[in-house]
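S.K.: Dumping the structure here so I can ask a few things about it.
The values are calculated or read from the model by the stated rules, or taken from the named source; none is laboratory data. For clarity, every value in this text was computed on a predicted model and none was experimentally measured. Neighbour counts run over all protein chains shown; Cβ positions are idealised from the backbone, glycine included. With ligands, DNA and RNA removed, areas are computed over all heavy atoms of the protein, side chains included. Shrake-Rupley method; radii C 1.70, N 1.55, O 1.52, S 1.80 Å.
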Amino acid sequence: DHGRIMTADETISWLIELTHWPKRELTRTLKPAGPRTIIIRMLNNLKAIYANEMNWSALWKVQCRLAALSPSDYAERRDLAVTAVRVDHTTSAIRLLKELLTDCPSGDQPLLKAMLHDAEGRAHQWN
């Protein structure tokens, strides 16, 4: 089956043999992704690339879009705050970090508090 083109029915039969999942479950997972899902996947790929390259300004633009697409997603809001610190958007970083600290997991608090302290220190240097 390596490289063989299969019909939809052949694919489902092959996957049932491979995974032992019920046909109904497989059929549901094989639906095409919508435009929003595709955009989020593409942005997450760019996010990973820019983070690995430490290209913070490019990452900021991508992260703003991801946070806008998923405003209730804690991880995206956290990553937006961290990126704001990295690109010296101090006012935004302080606001975002304060918002996060109201409902973040306890394991994230030390890092977020340290970043907030650092960002507030930068803001005081300018005043």
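S.K.: Enumerate the calculated ³J(HN,Hα) couplings along segment 17-29 in order (Karplus 6.51 cos²θ - 1.76 cosθ + 1.60, θ = phi - 60°), each rounded to whole Hz, writing x wherever the residue is Gly or Pro.
M.R.: 4, 6, 9, 6, 7, x, 4, 4, 5, 5, 4, 5, 7
S.K.: Just by accessible area at a 1.4 angstrom probe, what is the order of I39, I94, I16, I5 from largest to smallest?
M.R.: I5, I39, I16, I94
S.K.: Let me ask you something else. Restricting things to Cα coordinates, could you compute the convex hull volume per residue of the chain in Å³?
M.R.: 165
S.K.: So which lysines pass the test for K98, namely a Cα distance under 23 Å, with those fewer than 8 places away in the same chain ruled out?
M.R.: K61, K113
S.K.: Moving on. If the cut-off is 18 Å between C-alpha atoms, which aspartates and glutamates fall inside it for K23, apart from same-chain ones fewer than 8 positions away?
M.R.: D9, E10
S.K.: What distance in nm lies between label points placed 7 Å from Cα along the C-beta direction at A58 and R24?
M.R.: Computed distance between label sites A58 and R24 equals 4.6 nm.
S.K.: To the nearest 10 square angstrom, what accessible area does K23 show with a 1.4 Å probe?
M.R.: Solvent-accessible area, nearest 10 Å²: 120 Å².
S.K.: Also, quick follow-up: Only Cα pairs within less than 10 Å get springs; with that Gaussian network setup on the chain, which residue of R78, R65, R36 has the largest fluctuation?
M.R.: Its mean-square fluctuation being the largest, the pick is R36.
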